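Right, one structure below, let's go through it.
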Amino acid sequence: MESELQKLPQPETTRPSQPESIDEGSTKDDRPLLKPDPTNPQLQVQSQSSSPSIEELEKKYAPYVRHDVYGIMGRGELPWTEKVLLGIALVTLVPMRVIGATTVLVVYYLICKICTAFWAPNREDEQEDYAHTGGWRRTVMMQSGMFLSRVMLFVFGFYWIHETYQPINLNGNSNNEDGSKQQAEELERPGAIVSNHISYLDILYHKSRSFPSFVAKRSVAKLPLVGLISKCLGCVYVQRESKSPDFKGVSEGTTTNGDFLLPFKSGAFLSGAPVQPVILRYPYQRLSPAWDSISGARHVILLLCQFVNYVEATWLPVYCPSQQEKDDPRLYAENVRRLMAHEGNLLLSDIGLAEKRVYHAALNGNNSMPTVFHQKDD
C-alpha cells in the first residue's frame with residue numbers, strides 16, 4: 001500500500017486564507033460559539049474589521065457550503081413546486097415517519113434496558129459503557145441494533161443502499177507485498193473503520209453494517225433514550241471544550257458537504273493496527289442529506305419530507321500500515337486520508353470545527369464575531 005501511495009497524485013487541498021479557529025460541530029455546544037479563552041497562549045484574538053461577502057465566505061469555508069435547492073442554512077427561497085411538495089410531505093410522510101422512527105428508537109431502548117438490567121456498567125477514565133457485556137446480552141444488542149438501524153434508514157427514505165467493494169489488489173499490486181501469512185490474516189482484522197463524515201446518518205449506516213463504537217460528545221450520554229443506547233454501543237465520550245485552562249481535551253471531528261475530506265484524528269491509528277477505509281456519498285436532487293451548515297431540527301424535518309433518499313458506500317481494501325506508519329500515527333492517518341481522497345475523488349481541506357463555527361456565525365449575521373487564530377499542534 002505504501003508503494004501505491006507514492007504513485008498517487010496529490011489531491012487538491014483547500015486551506016483558509018487565514019488560519020482561523022473553527023467549529024466542526026453541527027450540534028449546539030453547552031458553551032457559546034467562539035468565546036475567546038484569554039488563558040490559552042495559542043489563541044490570539046483580533047477584531048474583525050469588516051464583514052466578508054457570501055462569495056468570500058463560500059470560497060474560504062468551501063467544505064461547509066450547501067449546494068442544494070434549499071440554499072444557505074436551508075433558508076433559501078424555494079420555487080412553488082418545491083413548496084407544494086413540502087406541503088404534501090408535511091401532512092403525509094412526516095407524521096408516519098416520525099411515528100416509525102420513534103417506535104424504532106423506543107424498541108431498541110427497551111432491548112438495551114433489558115440486556116443491561118442488573119448489570120453494572122464499565123467505569124474507566126470517566127467513561128461509562130456496557131460494551132464489555134458478553135454472551136446472549138451482547139448478541140441480542142448487536143443483532144437487534146444492526147437490524148433496527150437498517151429499519152431506521154428505511155424510515156428516513158433510504159430504501160436502497162448501493163455498496164461497492166474494491167478488490168485487495170490495486171493496479172495489480174497487493175497490499176501485502178511480501179505475501180506473508182500474518183499480513184494476509186491482518187487484512188481481515190481491521191482495528192477501526194475510517195470514514196468520511198457527512199451526516200448523522202453515517203452512524204446509522206455503519207451501525208447497520210458492523211455495529212462499531214463511535215466518538216461522541218460527553219453530553220450525549222445524558223440524553224433520554226439515546227444516552228443508554230450510546231453506552232451499549234461502547235461510545236467513547238469526549239469533551240469538546242473545558243472551562244479549565246489545564247484541561248487537555250480530545251478534539252472532535254465534524255461533518256462536511258461531502259465533497260471534501262478533513263484531517264483524521266490520530267486516535268484510530270495509534271495502535272498501528274490495519275484500518276478499513278469506507279467512503280460515503282449521499283446523491284441528491286433536492287435536499288442534500290449532508291449536515292453541514294443547517295440547524296439539526298430544520299435538516300431532520302426537511303429530510304423526512306424527501307420521498308426517497310440515497311446513500312452510496314465504497315469499501316476500500318483493508319489498509320495495512322508500513323513500519324514507518326506504525327511508528328508515526330499522523331503519517332499513517334494522512335496516508336489513509338490521501339488514499340481515500342484519491343479513490344473517492346474528494347478534495348482535501350485542513351480546516352475543521354472552529355472554522356465551521358466562524359462560518360455559521362457569519363451566516364447568522366454575527367458581525368461582532370472575532371477572528372480567532374488557532375495554531376495546530378505540532
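The values are calculated or read from the model by the stated rules, or taken from the named source; none is laboratory data. As the structure is a prediction and not an experimental result, all values here were calculated from the model. Don't worry about glycine lacking a Cβ; one is built from the backbone with ideal geometry, like all the others, and counts go over all protein chains shown. Protein only, heavy atoms only, side chains kept; ligands, DNA and RNA dropped before computing areas. Shrake-Rupley method; radii C 1.70, N 1.55, O 1.52, S 1.80 Å.
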Handout entry: Wholly within the range 284-367, helices (runs of 4 or more DSSP H) carrying at least 1 residues that are of a type in the set (A, V, I, L, M)
Key = 296-304, 329-344, 353-363
Handout entry: Residue selected from the range 258-304 under the condition open to solvent by 50 Å² or more (accessible area, probe 1.4 Å) and among the small types (Gly, Ala, Ser), by the criterion farthest from ASN335 (Cα to Cα)
Key = ALA297
Exercise for the section: Take the residues in the range 62-94 that are out of contact with any Gly (no Cβ under 9 Å at 6 or more places or on another chain) and part of a loop (DSSP other than H, G, I, E, B), then tell me which one is nearest to ARG298 (Cα to Cα). Expected result: ARG75
Completion exercise
Considering the range 173-191, residues that are surrounded by fewer than 17 Cβ atoms within 10 Å (Cβ to Cβ) and not in a loop (DSSP other than H, G, I, E, B), and then whichever is modelled with the lowest pLDDT, we arrive at ASN173
Practice task
Considering each of PRO329, PRO289 in turn, give the residue that is within 15 Å of the chain's Cα centre (by Cα) and either at pLDDT 90 or above or farther than 27 Å from HIS360 by Cα (or both).
Solution key: PRO289
Handout entry: Qualifying positions in the range 212-233 - open to solvent by 20 Å² or more (accessible area, probe 1.4 Å) and within 27 Å of ARG189 (Cα to Cα)
Key = PRO212, SER213, PHE214, VAL215, LYS231
Practice task
For ILE99, state whether it is at negative phi, modelled with pLDDT under 95 and of a type in the set (A, V, I, L, M, F, W, C).
Solution key: no
Handout entry: Any pair with Cβ under 6 angstrom, 6 or more apart, that starts in the range 202-218 at a residue that is on the phi > 0 side of the Ramachandran plot and ends at one that is among the aliphatic types (A, V, I, L, M)
Key = PHE211/MET142; PHE211/MET146
Practice task
Would you mention how many residues in the range 84-113 are under 30 Å from TYR130 (Cβ atoms) and either in contact with a helix residue (DSSP H, G or I) (Cβ under 8 Å, 6 or more places away or on another chain) or in contact (Cβ under 8 Å) with a residue 40 or more places away in the chain (or both)?
Solution key: 13
Exercise for the section: Being open to solvent by less than 20 Å² (accessible area, probe 1.4 Å), modelled with pLDDT under 85 and among the β-branched types (Val, Ile, Thr) is the filter here, so list the residues in the range 234-257 that pass it. Expected result: VAL238
Exercise for the section: Would you confirm whether any residue within the range 76-83 is touching a residue at least 60 places away in the same chain (Cβ under 8 Å) and within 17 Å of ASN309 (Cα to Cα)? Expected result: yes
